[in-house]
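The values are calculated or read from the model by the stated rules, or taken from the named source; none is laboratory data. Remember, predicted model here, so these are calculated numbers, not experimental data. Positions of Cβ are backbone-derived with ideal geometry, glycine not excepted, and every protein chain shown enters the neighbour counts.
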Amino acid sequence: MEATIEVQSVSMPRIGDKAPAFKAVTTQGEINFPDQFAGGWVILFSHPADFTPVCTSEFMTFASREAEFAKLNCKLVGLSVDGLYSHIAWLRTIKDKIEFKGMKNVEVKFPLIEDITMEVARKYGMIQPGESSTKAVRAVFFIDPKGTIRAIIYYPLSLGRNFDELLRVLAALQTADNFSVATPADWHPGDDVIVPPAGSCGAAKDRMEGKDQVNCGDWFFCTKKIEKEKVLAAIHKKK
Ligand code: BEZ
């Protein structure tokens, strides 16, 4: 007898794609994604399950650092394949009982999507059967003010995210947009940036406006300094 192989198609949005649209119920009411976030940045992230320890540590950190994301004009939206009442009970338990790295009484104020049908998780490639077919992996989608996916990071179930890195990615993407530059390895605001396009150092030098010092190690590697204050003034949300 021939075995029937069921091939499940998995859609994986890619960098440069428009963020797939959906409407969903969340702990903060219904959302219309990504339209309702147009004009600002939004991070859509998934976690495997409510009432699990790594996810708890991550939610406490997201909530405690929400103001740092907001300063970069970025809102947060979480998702797991749990239901709304589970989300509500878990977030209440976190607030009432859990302490982690000096954080306590942490209230999660950003929306957490219920996705018991896995419709959204599947749309965003968050269900990765090699890791788990019943839980979402830890995905992070960075979506810009025009609704375009600009960066994606996936982590396995066992690995909690690095929040300094999430903020660094956001700052680097915004700096690339604001100054038409690229950002090198381990870049942080204030470090030298790459003057693009790589391979046209002459073009890079042509763009010098007197005070900008472009240094070219060779034709493919030109950098320049942008003062930290200038970078931060451009990316920090004006009050
Ligand atoms: C956690 O968040 O601790 C976790 C969730 C799912 C699988 C493994 C760990």
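Observations on the structure shown:
- Here residue 191 meets each of (1) within 15 Å of residue 230 (Cβ to Cβ); (2) assigned to a loop (DSSP other than H, G, I, E, B); (3) touching a residue at least 40 places away in the same chain (Cβ under 8 Å) with one exception, condition (3).
- Residue match in segment 79-89 (condition: touching an Asp or Glu at 6+ places or on another chain (Cβ under 9 Å), of a type in the set (S, T, N, Q), part of a helix (DSSP H, G or I) and under 24 Å from residue 125 (Cβ atoms)): yes
- Boolean, residue 80 is modelled with pLDDT of 95 or more, farther than 30 Å from residue 178 by Cα and touching a His at 6+ places or on another chain (Cβ under 6 Å): yes
- Residue match in segment 88-111 (condition: of a type in the set (A, V, I, L, M), surrounded by 15 or more Cβ atoms within 10 Å (Cβ to Cβ) and within 16 Å of the chain's Cα centre (by Cα)): no
- Top-ranked residue of segment 166-182 - restricted to ones that are more than 20 Å from residue 124 (Cβ to Cβ) and under 14 Å from the mean Cα position of the chain (by Cα), ranked as farthest from the ligand (Cβ to nearest atom): 174
- Residue count for segment 124-162, restricted to those that are without any contact (Cβ under 8 Å) to a residue 24 or more places away in the chain and either within 11 Å of the ligand (Cβ to nearest atom) or of a type in the set (S, T, N, Q) (or both): 3.
- Segment 85-101 residues that are under 11 Å from residue 56 (Cα atoms) and free of Cβ contacts under 8 Å to residues at least 40 places away in the same chain, paired with ones that are part of a loop (DSSP other than H, G, I, E, B) and not β-branched (Val, Ile, Thr) (beta carbon under 7 Å, 6 or more apart): 95/105; 95/107
- Residues satisfying the stated conditions in segment 100-123, i.e. closer than 19 Å to residue 33 by Cβ and within 16 Å of the ligand (Cβ to nearest atom): 108, 112, 115, 118, 121
- Candidate set: segment 38-54, residues that are within 22 Å of residue 168 (Cβ to Cβ) and of a type outside the set (Gly, Ala, Ser); chosen: the one farthest from the ligand (Cβ to nearest atom): 41
- Test: residue 81 is surrounded by 22 or more Cβ atoms within 10 Å (Cβ to Cβ), free of Cβ contacts under 8 Å to residues at least 60 places away in the same chain and away from the ligand (no atom under 16 Å from the Cβ): no
- Of the residues making up segment 11-46, just one is free of Cβ contacts under 8 Å to residues at least 24 places away in the same chain and among the basic types (Lys, Arg), namely 23.
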